[in-house]
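Laboratory data are not the source of any read-out in this text; all were calculated from the coordinates shown. On a predicted model such as this, the values are computed, not experimentally measured, just so you know. Here the Cβ is made from the backbone with ideal geometry for all residues, glycine too, and neighbour counts use every protein chain on show.
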Amino acid sequence: MIFPVAILLGLTLRGAACAGDVHDAHAHEHLSKREYPQVPITPPYRPLVWGDFNVIHTTDTHGWLLGHQKVSFPEPDYSGDLGDFASFVTHMKNIAIEKDVDLLLVDSGDLHDGTGLSDGYPPGGVDAHESNKFLERLPYDVMAIGNHELYIYANTYDMYTNFVPHLDGRYLSSNVNITVFNSDGEPESVPVGNRYTKFTTRKGRRITSLGVLYDFTGNDVNTTVQTVADMVKEQWFAEAIAEEPDVFLLIGHMPVSYDNWPTVFDAVRAVHPLTPILIFGGHSHIRDCQQYDGRSMALESGRYMETIGWMSADLEAANGDANISFTRRYLDQNRVTYEYHTEMSNQTFDTAYGRSITDGLQELAVSFDLSYLYGTAPQDYTINQNPYPSNGSLLSLFIADAIPYALSINNTRDSIPSIFITNSGSQRFNIFKGPFTKNDQLTASPFTDSFLYIPNITFSIANQVLPALNNAGASERRRRDEIEKELWNRGVVDTRYRAWLEEMDRRAGMGRREAMAGNLTLGYVTADSCPGAGDDTLHLALPYYSVPDFIGSNPPNVTNDTPIDLVFVDFIEAQLLGILNGLQNAVNYTTADVLLYSPTLANVALGLYAQAEWN
């Protein structure tokens with residue numbers, strides 16, 4: 001999905017998840033392969049703090065329902081699958097009953113776009129249609145819509161017709177509508193889910209819940225997203241919050257920092273100055289926490305089924321206007337974490353229900369042929385954990401090796417010297433040492449961009465295009481801020497997620513990194529705005545290296561006046577033409593001068609390269 005404004009910056013929009021019941025041979029094979037981690041995983045260092053009201057939170061799962069199954073850290077930290085999580089929720093619900101407290105399960109959206117389970121469907125399918133059937137089986141109390149449910153109308157309609165009914169009024173889209181035909185055959189704009197819901201917990205607490213999406217502008221035709229500021233002025237909103245519940249449970253695909261949650265919070269507070277407000281956000285892919293006042297907490301729980309969020313509140317002890325005692329925790333999503341907090345062993349942890357979800361997901365992976373092997377990666381290739389350019393950089397691998405090889409296949413222009421350029425946002429996830437499969441290709445490089453070219457560009461000019469694209473003067477930097485805001489509105493979260501990683505790496509510092517290296521594995525090391533430590537497991541912060549907006553292949557060894565092919569991804573065509581015309585005035589290049597370089601699309605390049613070089 002390409003938008004003209006996005007071309008200006010060259011970032012993608014999309015980079016812009018009971019032993020007694022199991023006796024058969026398949027299960028035993030499964031146990032040996034999956035459930036005993038192939039590498040030691042650090043357990044949590046302290047139990048969870050339970051209150052009389054507790055919530056488990058997921059967000060931005062993006063199809064990562066089989067967990068992260070690579071052995072290079074930090075991947076093992078997130079190696080649980082949705083079946084493991086389902087067993088965890090079952091045990092936690094039982095613990096809540098034993099403690100005689102409330103425990104809810106909530107999700108803040110973005111179920112689509114991320115792995116082969118969601119995106120690897122055969123032709124004619126719909127993204128996440130099959131994988132969402134497994135999320136339906138979890139006992140979610142409330143779920144909210146995300147922006148990735150709205151890029152393609154067919155996905156939104158599939159949610160509306162097939163997924164939403166399973167939530168029985170608890171799938172919320174307070175400010176998001178879909179246009180459908182009503183019973184009279186007329187088009188009508190209706191909420192994708194419910195605008196709000198009210199329910200009573202097991203302990204008798206009255207809950208009012210909303211499901212809000214941030215001010216997203218990249219939605220498909222026949223879907224509408226109302227701004228948050230306008231939503232809180234609606235009559236239905238006033239009616240929804242008029243009656244005071246015991247707790248306002250606000251769910252939404254919106255970051256808890258630097259976004260519009262305070263707009264919703266203030267609108268509720270204007271009517272109910274002291275009612276407890278629990279907020280669960282998402283979208284920016286980070287671990288974060290805010291307290292807007294002493295009787296509220298707002299939690300955001302990461303991305304890609306890496307993090308499970310936990311919040312507890314002691315509501316009964318905070319009568320009147322006293323501050324409420326809250327805790328929050330970011331749990332690494334793996335069986336070691338789950339078994340620690342449920343006091344289960346590897347033999348007693350699984351439930352038949354959780355096992356059936358794991359088996360079903362594995363069967364879906366088989367039906368989508370996700371284990372199809374292209375080759376075996378000889379090492380890890382990362383986006384930000386290794387410098388660019390370097391031998392460990394995925395960006396270097398992609399543009400310097402994979403793209404030149406893949407586009408050379410059956411290409412009559414292969415003998416002509418060339419420079420290849422793309423945007424760094426074209427790569428979504430790291431590649432790790434070991435089997436490189438269809439699922440890995442979908443995860444790392446999913447975008448179906450074409451490569452175009454302009455022939456007969458003098459090498460001395462062509463070789464200046466990449467530096468010029470990456471060079472931002474003062475005026476360009478101001479324009480870039482405007483563009484990044486527009487990209488944010490259209491769904492690009494990379495900038496904020498990477499800024500978080502960079503800040504984490506800066507806090508770690510070389511001295512601390514070296515001192516702790518022997519004791520801790522790599523993972524997230526969170527600093528947020530809430531009291532106390534949020535991370536459930538201690539880790540060493542991931543190293544972070546910034547990357548340029550644009551990346552290029554190694555220049556050919558030719559003289560300055562040699563005519564070459566300037567090859568570039570279609571996503572950056574408009575900006576590249578502007579740069580090229582600024583570097584020379586002999587020719588005014590237009591789209592009429594741009595040709596298709598190869599029918600091979602960007603999303604298959606790594607697989608083609610792996611078949612040739614990694615076997």
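Distance between the 7 Å Cα→Cβ label points at ASN603 and ARG480: 2.9 nm. Distant-in-sequence amide contacts of THR458, defined by a placed amide H-H separation under 5 Å and a gap of 5 or more residues or a different chain, comprise ILE564. Along its principal axes, segment 73-125 has C-alpha extents of 49, 30, 17 angstrom, given from the largest down. Rounded to the nearest whole Hz, the Karplus-based 3J(HN,Hα) values (6.51 cos²θ - 1.76 cosθ + 1.60, θ = phi - 60°) of segment 46-63 follow the sequence 6, x, 5, 9, 8, x, 7, 9, 9, 9, 9, 10, 10, 7, 6, 6, 6, x, with x at glycine and proline. Histogrammed with a bin width of 20 Å, the alpha carbon distances of the chain distribute as 19, 52, 26, 3 percent, first bin at zero.
Amide H contacts of LEU213 (H built 1.01 Å from N, in plane; Pro and chain starts excluded): SER174, ASN175, HIS253 sit under 5 Å, all sequence-distant by 5 or more or on other chains. Using θ = phi - 60° in the Karplus curve 6.51 cos²θ - 1.76 cosθ + 1.60, the 3J(HN,Hα) couplings for segment 151-160 round to 5, 10, 4, 4, 5, 4, 5, 5, 4, 4 Hz; x is entered for Gly and Pro. Counting other Cβ atoms within 10 Å as a rough exposure proxy, the listed residues TRP500, TRP50, TRP236, TRP261 run TRP236, TRP50, TRP500, TRP261 from fewest neighbours to most.
Placing unit charges on the Cβ atoms only, positive for Lys and Arg and negative for Asp and Glu, gives the chain a dipole magnitude near 980 debye about its Cα centre. Is segment 37-367 rounded, prolate or oblate when judged by the Cα gyration tensor, a ≥ b ≥ c being the square roots of its eigenvalues, rounded requiring a/c under 1.5 and prolate requiring a/b larger than b/c? Oblate is the answer for segment 37-367, as a/c is 1.5 or above yet b/c matches or exceeds a/b.
What does the convex hull of the Cα atoms come to per residue for segment 281-389, in Å³?
Values: hull volume 22.4 nm³, N = 109.
With only Cα atoms used, segment 281-389 gives 205 Å³ per residue.
Say a paramagnetic label sat at a point 7 Å from the Cα of ASP168, along Cα to Cβ; which residues of segment 203-217 have their backbone N under 16 Å from it? Taking a point 7 Å out along Cα→Cβ of ASP168, the residues of segment 203-217 whose backbone N falls under 16 Å are 203-204, 207. Between the amide H of TYR381 and those of ILE431, PHE432, LYS433, distances stay under 5 Å, these residues lying 5 or more places away or on another chain, with hydrogens modeled in the peptide plane. The dipole here belongs to segment 37-367: it is taken about the Cα centre, uses +1 on the Cβ of Lys and Arg and -1 on the Cβ of Asp and Glu, and is about 720 debye. Of all beta bridges that DSSP places with both ends in the chain, some 55 percent have antiparallel geometry. When the Cα positions of PHE280, TRP64, ASN162 are compared along the charge dipole of segment 37-367, PHE280 comes out farthest toward the positive end, with charges on each C-beta of Lys, Arg, Asp and Glu.
Most exposed first by the Cβ proxy, i.e. fewest other Cβ within 10 Å, how do GLU486, GLU503 rank?
Details: GLU486 17, GLU503 14.
In order of increasing Cβ crowding within 10 Å: GLU503, GLU486.
Taking every DSSP beta bridge that has both residues in segment 37-367, what percent is antiparallel when rounded to the nearest 5?
Values: 30 of 57 bridges.
Just about 55 percent of them are antiparallel.
Along segment 195-202 the Karplus relation, 6.51 cos²θ - 1.76 cosθ + 1.60 evaluated at θ = phi - 60°, assigns HN-Hα couplings of 6, 7, 9, 10, 8, 10, 6, 4 Hz to successive residues, with x for each Gly and Pro.
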